[in-house]
Amino acid sequence: MHECAHLWAPGRCGLPRAHTRLPQQQANGSGIHVLYSTPACYLWELHKANLTWSVKKDDFFPYADGPHMFWTGFYTSRPALKRFERLSYKFLQVCNQLEALAGPAASQGPYGSGDCAPLNEAMAVLQHHDAVTGTARQLVADDYARQLSEGWGPSEILLSNALARLSGSKKTFTFCRDLNVSICPLSQKSASFQVILYNPLGRKVDHMVRLPVSKSSFLVKDPSGQTVPNSVVVVPSAEPQEHYPELVFSASVPALGFSIYSVTKISHRKPLIPLPNSISRKFRSRFPVLAIENEYIRATFNPDTGFLTEIRNKDKNLLLPVNQSFFWYGASSGDLESWQTSGAYIFRPEGRKPYPVSHYAQIRLVKTPLVQELHQNFSAWCSQVVRLYQGQRHLELEWTVGPIPVGEGWGKEVISRFDTPLKTNGLFYTDSNGREILQRKRDYRPTWELDLWEPVAGNYYPVNTRIYIKDRNMQLTVLTDRSQGGSSLGNGSLELMVHRRLVKDDGRGLQEPLTEKGSGLVARGRHLVLLDRVGEAAAGHRLLAEKEVLAPQVVLAPDGGTLYHPQATPRMQFSGLRRELPPSVHLLTLARWGLNKLLLRFEHQFTVWEDSGRNLSAPVTLDLRDLFSSFTITHVQETTLAANQPRASASRLQWTLKDGPTPHPAPFTLDPSSITLQPMEIRTFVALVQWKGGWTL
């Protein structure tokens, strides 16, 4: 604080000088008192004032520091870094869990010293308000990415140690970090290899594995040696003669555990690889119905434009016209009303209506027994794959945007927009940090009168995992794979900003435009689209969001390997739980917490009255005593959320509210055999454990 005194009182000694002068003024009758304080001290003083408080149930988004200065651009800025952060979160959770399940052998093992801490520290740095927001300068953003990348290394060693310990077999584990661009040398060059999938969720999941391979046929076997159906799908490229095959098969992975699948190239069999069927506009009239479908969903496209036009939920007998395409807002460079430009922080379009990237798409159709895809190419810098896997209850839209052309000196902010006939009355809904859902209303704020000068930017909100619109019967939900900005600027319409590239600085301290150099030029991501009945939609989007954020971690290894130790029995499948957690319960944290201690957090992921179909909003009771298979809990203590004090000794201030008195918590008791979670409740425990197999410290 002393360092900033010259800013607080220029030309004077600021706070230190005030301290020397105040006693003299107080001696002359001044009632002013100045002291250094903390948030805790400030909170205590407010409580002592014995005031009556109103309750604010909305948030503070979107905020602005001027009529044309809405800080809604950073919701999307640097989408590649935002995705890297989301992937690193998943990888950190996997690292923490495997360290807890394998015990001390994970940190020190045959692959060296493994450690989750460097990635944990890098992730902590990424939570800075100029990091994951994408509002750092290019060199700083590059450094954030470097720290994340370096943090993965020690975590990969720990995962290798843990997987060897739990599987009973030492292998050359390989982590293909470039699967998003279909690069993995081991799967592309090996005649046979193994696919290890670790599931960080507390329930079994079925996961579609997709790996780049060579042009061949393959035999895939599950952990029990049974043959698994597979397809080789060709990924179209910009070069007409170049096609990149990918192996697709469905894998089942137990709760908090792994499954090992074997893949072998069949050299003597001629590959049956369906090439993408390119449909030119000239011959599209021959396709009166252009659609992809599975047993649950049917997506229909306009044969003339190649755009999505309709989604049908066959299971629920729901049909909704949905027109989806890409548009871009021209970034403002300032005008007569305000000098404000669009930048890393600020979103300010030059007009209310965006421009279409294209009025039609070049399309290619791919159909196999396991997956059906329509590949859409809108321009040289914007494309999308609309995909349906067998057994999938949602539509997957994999978009690729960039490098966004700005050669004409005009920045662009690219959106994916869904237009429907739903009567939404200006209402739409976004998640709050992946948990509770907040209702938004266009051109409205719940706690003050709004005078809106920026009708587009002033209606944008952060979307961490999902956004949806609904009428009285149907709900259309779009899940994201990273934080993005989103809105509903017209009834029945929903849009998400996927990428932005700008040529002007917005005057908020960055002192450079958001030009996105290097790997950030091109962003690839996925939107998962669900159509459901309003009363049943929560079960779909909450469980799918959990599965998307914590998708199984894929690790590859060559065939073969050696025993972990002479008495080890290799296993192809493992679960860290003796029984699955209920669908409404999420294992939020499982991590080492010192010698022989683990930190556990359980989260009820539904709100009250949210699910009317499967009763997932009801309280849930767990028995912790024999829940885990690789260790025994010998003692457990419940703590506060931050795990910095026992819950039994924690006390909370009681406040007087305008709506009535603060409800008093029930008397605290802890019974490890009966842990009850109320809707949206998180409970935290520190457990003393003993690992099985003789691994203790």
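The table for this structure:
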| item | result |
| --- | --- |
| Subset tally (residues that are under 18 Å from E99 (Cα atoms) and in a strand (DSSP E or B)) for region 192-209 | 4 |
| The listed residue being modelled with pLDDT under 95 and under 18 Å from R526 (Cα atoms), out of G409, G351, G402 | G402 |
| Any hit, region 398-410, residues being assigned to a strand (DSSP E or B), crowded, with 18+ Cβ neighbours inside 10 Å and touching a Leu at 6+ places or on another chain (Cβ under 8 Å) | no |
| Scan of region 564-583 for residues that are among the hydroxyl-bearing types (S, T, Y) and part of a strand (DSSP E or B), ordered by number | S575 |
| Lone qualifier among Y89, Y75 - being open to solvent by less than 60 Å² (accessible area, probe 1.4 Å) and either at pLDDT 90 or above or closer than 30 Å to G518 by Cβ (or both) | Y75 |
| Every residue from region 637-670 that is β-branched (V, I, T) and under 24 Å from R601 (Cβ atoms) | T639, T640, T669 |
| Any hit, region 628-635, residues being under 31 Å from the mean Cα position of the chain (by Cα) and of a type outside the set (A, V, I, L, M, F, W, C) | yes |
| Within region 487-505, considering residues that are crowded, with 24+ Cβ neighbours inside 10 Å and not charged (D, E, K, R), the one nearest to R137 (Cα to Cα) | L502 |
| Residue that is charged (D, E, K, R), farther than 30 Å from L163 by Cβ and at pLDDT 70 or above, where the choices are R281, R269, R298 | R298 |
| Evaluation of D559 against (1) out of contact with any helix residue (DSSP H, G or I) (no Cβ under 7 Å at 6 or more places or on another chain); (2) among the acidic types (D, E); (3) open to solvent by less than 30 Å² (accessible area, probe 1.4 Å) (one fails), failing number | (3) |
| Considering residues of region 192-238 that are without any contact (Cβ under 8 Å) to a residue 60 or more places away in the chain and among the small types (G, A, S) only, the residue most open to solvent (accessible area, probe 1.4 Å) | A238 |
| Identity of the residue in region 168-191, part of a helix (DSSP H, G or I) and open to solvent by 40 Å² or more (accessible area, probe 1.4 Å), that ends up farthest from T400 (Cα to Cα) | K189 |
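Okay, residues lined up against (1) in contact (Cβ under 8 Å) with a residue 40 or more places away in the chain; (2) more than 24 Å from the chain's Cα centre (by Cα):
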{"residue": "L374", "(1), (2)": "yes, yes"}
{"residue": "E396", "(1), (2)": "yes, no"}
{"residue": "P405", "(1), (2)": "no, yes"}
{"residue": "W410", "(1), (2)": "yes, yes"}
{"residue": "G426", "(1), (2)": "yes, yes"}
{"residue": "R435", "(1), (2)": "yes, no"}
{"residue": "W448", "(1), (2)": "no, yes"}
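Residue-wise test of (1) of a type outside the set (A, V, I, L, M, F, W, C); (2) assigned by the TED database to the domain that holds L256; (3) in a helix (DSSP H, G or I); (4) closer than 24 Å to L588 by Cα.
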position	(1), (2), (3), (4)
L514	no, no, no, no
G525	yes, no, no, no
L530	no, no, no, no
A537	no, no, yes, yes
H541	yes, no, yes, yes
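The values are calculated or read from the model by the stated rules, or taken from the named source; none is laboratory data. On a predicted model such as this, the values are computed, not experimentally measured, just so you know. Cβ sites come from the backbone with ideal geometry, for glycine too, and all protein chains shown count toward neighbours. SASA here: full protein model, heavy atoms, side chains in, ligands and nucleic acids out. Shrake-Rupley method; radii C 1.70, N 1.55, O 1.52, S 1.80 Å.
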